[in-house]
Every structure is written in C-alpha cells, then in structure tokens.
Amino acid sequence: MSGTSAALKPPADAVKPVRHPDAPAPGELLGAHYEQCFGCGDEQPHGLHLQARAGEGVTISAEFTVQSAHQGAPGLAHGGVLASALDETLGSLNWLLRTIAVTGRLETDFVRPVPVGTTLHLAAEVTAVAGRKIYSTATGRIGGPDGPVAVRADALFIEVKVDHFVENGRQEEIQAAMNDPDQVRRARAFEVNP
C-alpha cells in the first residue's frame with residue numbers, strides 16, 4: 001500500500017499470526033457475525049451482504065456486489081462503502097484467530113472506480129501480531145479474484161474483551177445476542193468493530 005503510516009507497520013517484536021485450532025476450515029463460509037451488521041448481516045436491506053470464506057493460514061476471501069444503494073457518484077460505488085467492505089473483510093480475519101477485536105485504524109487506497117453491479121473480490125490476511133495489536137492487509141479486485149486492484153487497505157485491530165460491547169452497545173441488541181442459544185453465533189456477534 002502506498003503511504004502506509006508508521007502506526008500500521010508492525011513493531012520489530014511482532015510475531016507471525018497463528019491460526020487457532022478451532023478456526024473454521026479452509027473453504028468454509030463464515031456467515032454473518034450478526035444479522036444486523038451493515039457489512040455481513042442478512043437483515044440489512046441496503047447492507048453489503050458480504051460473504052467471507054476462510055482461507056489457508058490466516059487469510060479470508062470475500063465477495064460483495066455493489067448495489068444502487070451503495071453508489072456515491074452516479075453509477076459508481078461510494079468510497080465509504082468500499083472502505084466498509086474492506087473493514088468487514090479484515091475484521092472477519094479475527095475469527096480465524098478466535099480473538100474479539102475492533103478496528104483501531106484503517107488506511108485505504110482507492111485505485112480505480114467500482115461501477116454499480118460489479119462484484120468486488122476481496123482477499124485479506126493477518127500479517128503480524130504484537131500483544132493486543134493485530135496487523136492485517138486486504139485488496140479488492142474487480143473482474144475476478146485475479147482482476148485489477150480497485151481498492152486496498154492496511155489495518156490495525158485491537159483485541160478487546162466482550163465487556164467492550166456490553167458497556168458501549170445498545171442494551172436490547174446486546175441482550176438478544178447474548179441470549180442466542182447458538183454458541184458460535186453468540187461468540188461471533190461480538191467479533192468485529194466498536
């Protein structure tokens with residue numbers, strides 16, 4: 001990524017990320033971490049409905065198709081929506097580490113326009129871990145997984161406890177997620193973003 005700030009460069013003592021033994025298997029679809037999530041939730045009519053799939057090591061691939069509701073300039077995806085797609089994909093990486101983490105910093109490069117109707121093919125990986133800090137990178141391509149790069153980002157996620165969400169979220173949604181009998185869905189509801 002061009003111009004990545006010093007805050008997104010892992011320190012010298014950072015370690016290589018290790019996939020958690022209970023992480024989803026490579027190729028497994030992760031599904032929504034929370035049904036109301038703008039990035040991946042099925043219950044958001046104008047959301048991204050991003051579908052992430054576990055890759056090898058600590059990598060994720062994902063796709064989303066730009067809809068009319070996602071445009072900024074006529075016929076083109078809004079930059080904030082593209083940044084959200086990158087953030088959602090990067091945040092999904094934390095499920096492979098089985099770590100609850102939130103976005104601390106996200107730097108995005110917009111390389112080429114993404115027209116409405118285009119499917120954006122995203123690939124992300126964790127590059128390093130230093131204490132509670134998780135460093136990662138992602139690209140979004142058009143025309144297929146090997147197509148030209150349209151957007152890319154570097155990110156820093158910070159590991160948090162579930163209390164971060166309990167203390168700061170709306171009580172009704174927090175309680176609904178905590179009461180979900182599906183342990184995996186309950187755990188995933190608190191995996192990304194403040």
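Residue by residue, here is whether (1) in contact with a strand residue (DSSP E or B) (Cβ under 9 Å, 6 or more places away or on another chain); (2) modelled with pLDDT of 90 or more; (3) within 21 Å of residue 18 (Cα to Cα) holds:
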residue	(1), (2), (3)
54	yes, yes, yes
58	yes, yes, yes
69	no, yes, no
75	yes, yes, no
78	yes, yes, no
86	yes, yes, no
90	yes, yes, yes
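From the list 7, 12, which one is surrounded by fewer than 14 Cβ atoms within 10 Å (Cβ to Cβ), more than 18 Å from residue 88 (Cα to Cα) and either among the basic types (Lys, Arg) or without any contact (Cβ under 8 Å) to a residue 24 or more places away in the chain (or both)?
Working: 7 fails: either among the basic types (Lys, Arg) or without any contact (Cβ under 8 Å) to a residue 24 or more places away in the chain (or both).
Checking each option against the conditions leaves just 12.
Might you check whether a residue that is in a strand (DSSP E or B), touching a Lys or Arg at 6+ places or on another chain (Cβ under 7 Å) and over 18 Å from residue 56 (Cβ atoms) occurs anywhere in region 141-149? Lay out the reasoning, then the answer.
We begin by selecting, within region 141-149, every residue in a strand (DSSP E or B); these are 141-142, 149.
With touching a Lys or Arg at 6+ places or on another chain (Cβ under 7 Å) added as a condition, the list becomes 149.
Narrowing further to those that are over 18 Å from residue 56 (Cβ atoms): 149.
Yes, some residue in region 141-149 is in a strand (DSSP E or B), touching a Lys or Arg at 6+ places or on another chain (Cβ under 7 Å) and over 18 Å from residue 56 (Cβ atoms).
For residue 91, state whether it is buried (at least 19 other Cβ atoms within 10 Å of the Cβ), within 14 Å of the chain's Cα centre (by Cα) and of a type in the set (Gly, Ala, Ser). Let's see the steps before the verdict.
Numbers: buried (at least 19 other Cβ atoms within 10 Å of the Cβ): yes; within 14 Å of the chain's Cα centre (by Cα): yes; of a type in the set (Gly, Ala, Ser): yes.
Yes, satisfied.
Listed residues 4, 89, 108; which is part of a strand (DSSP E or B) and either of a type outside the set (D, E, K, R) or in contact with a helix residue (DSSP H, G or I) (Cβ under 8 Å, 6 or more places away or on another chain) (or both)?
Working: 4 fails: part of a strand (DSSP E or B); 89 fails: part of a strand (DSSP E or B).
Among 4, 89, 108, only 108 is part of a strand (DSSP E or B) and either of a type outside the set (D, E, K, R) or in contact with a helix residue (DSSP H, G or I) (Cβ under 8 Å, 6 or more places away or on another chain) (or both).
From 81, 66, 18, 58, grab the single residue that is among the β-branched types (Val, Ile, Thr) and either open to solvent by 70 Å² or more (accessible area, probe 1.4 Å) or without any contact (Cβ under 8 Å) to a residue 24 or more places away in the chain (or both).
On the way: 81 fails: either open to solvent by 70 Å² or more (accessible area, probe 1.4 Å) or without any contact (Cβ under 8 Å) to a residue 24 or more places away in the chain (or both); 66 fails: either open to solvent by 70 Å² or more (accessible area, probe 1.4 Å) or without any contact (Cβ under 8 Å) to a residue 24 or more places away in the chain (or both); 58 fails: either open to solvent by 70 Å² or more (accessible area, probe 1.4 Å) or without any contact (Cβ under 8 Å) to a residue 24 or more places away in the chain (or both).
The conditions single out 18.
What about residue 158, is it open to solvent by 20 Å² or more (accessible area, probe 1.4 Å), in contact (Cβ under 8 Å) with a residue 24 or more places away in the chain and in contact with a His (Cβ under 8 Å, 6 or more places away or on another chain)?
Values: open to solvent by 20 Å² or more (accessible area, probe 1.4 Å): yes; in contact (Cβ under 8 Å) with a residue 24 or more places away in the chain: yes; in contact with a His (Cβ under 8 Å, 6 or more places away or on another chain): no.
No: the conditions fail for residue 158.
Report, by residue number, each residue of region 101-126 that is aliphatic (A, V, I, L, M) and surrounded by fewer than 21 Cβ atoms within 10 Å (Cβ to Cβ).
Looking only at region 101-126, we keep the residues that are aliphatic (A, V, I, L, M), and these are 101-102, 106, 111, 114, 116, 120, 122-124, 126.
Within region 101-126, 102, 106, 111, 116, 123 meet the criteria.
I want to confirm something. Restricting to region 32-55 and keeping residues that are free of Cβ contacts under 8 Å to residues at least 40 places away in the same chain, open to solvent by 40 Å² or more (accessible area, probe 1.4 Å) and more than 19 Å from residue 126 (Cα to Cα), which single residue is nearest to the chain's Cα centre (by Cα)?
Filtering region 32-55 for residues that are free of Cβ contacts under 8 Å to residues at least 40 places away in the same chain, open to solvent by 40 Å² or more (accessible area, probe 1.4 Å) and more than 19 Å from residue 126 (Cα to Cα), the one nearest to the chain's Cα centre (by Cα) comes out as 49.
What's the number of the only condition in (1) at pLDDT 95 or above; (2) not in a strand (DSSP E or B) that residue 94 fails to meet?
(1)
For residues that are touching a strand residue (DSSP E or B) at 6+ places or on another chain (Cβ under 7 Å) and not in a strand (DSSP E or B), scanning just region 17-39, find the one that is modelled with the lowest pLDDT. Spell out how you get there, then give the answer.
Applying the first criterion (touching a strand residue (DSSP E or B) at 6+ places or on another chain (Cβ under 7 Å)) to region 17-39 yields 17, 23-30.
Those left that are additionally not in a strand (DSSP E or B): 17, 23-28, 30.
Numbers: 17: 95, 23: 91, 24: 92, 25: 95, 26: 96, 27: 96, 28: 94, 30: 86.
Step by step, filter region 17-39, then rank; the result is 30.
Can you work out which of the residues in region 127-140 that are open to solvent by less than 60 Å² (accessible area, probe 1.4 Å) and not small (Gly, Ala, Ser) is farthest from residue 58 (Cα to Cα)?
Of region 127-140, the ones open to solvent by less than 60 Å² (accessible area, probe 1.4 Å) are 128-130, 134-140.
Going one step further and asking which of them are not small (Gly, Ala, Ser), we end up with 129, 134-135, 137, 139.
Values: 129: 11, 134: 11, 135: 11, 137: 11, 139: 15 Å.
Restricting to residues being open to solvent by less than 60 Å² (accessible area, probe 1.4 Å) and not small (Gly, Ala, Ser), the top hit is 139.
The values are calculated or read from the model by the stated rules, or taken from the named source; none is laboratory data. Because the structure is a prediction, the values reported are computed rather than measured. For neighbour counting, all protein chains shown are included, and Cβ atoms are generated from backbone atoms with ideal geometry for every residue, glycine included. When the accessible area is computed, the model is the full protein with side chains, heavy atoms only, and any ligands, DNA or RNA have been set aside. Shrake-Rupley method; radii C 1.70, N 1.55, O 1.52, S 1.80 Å.
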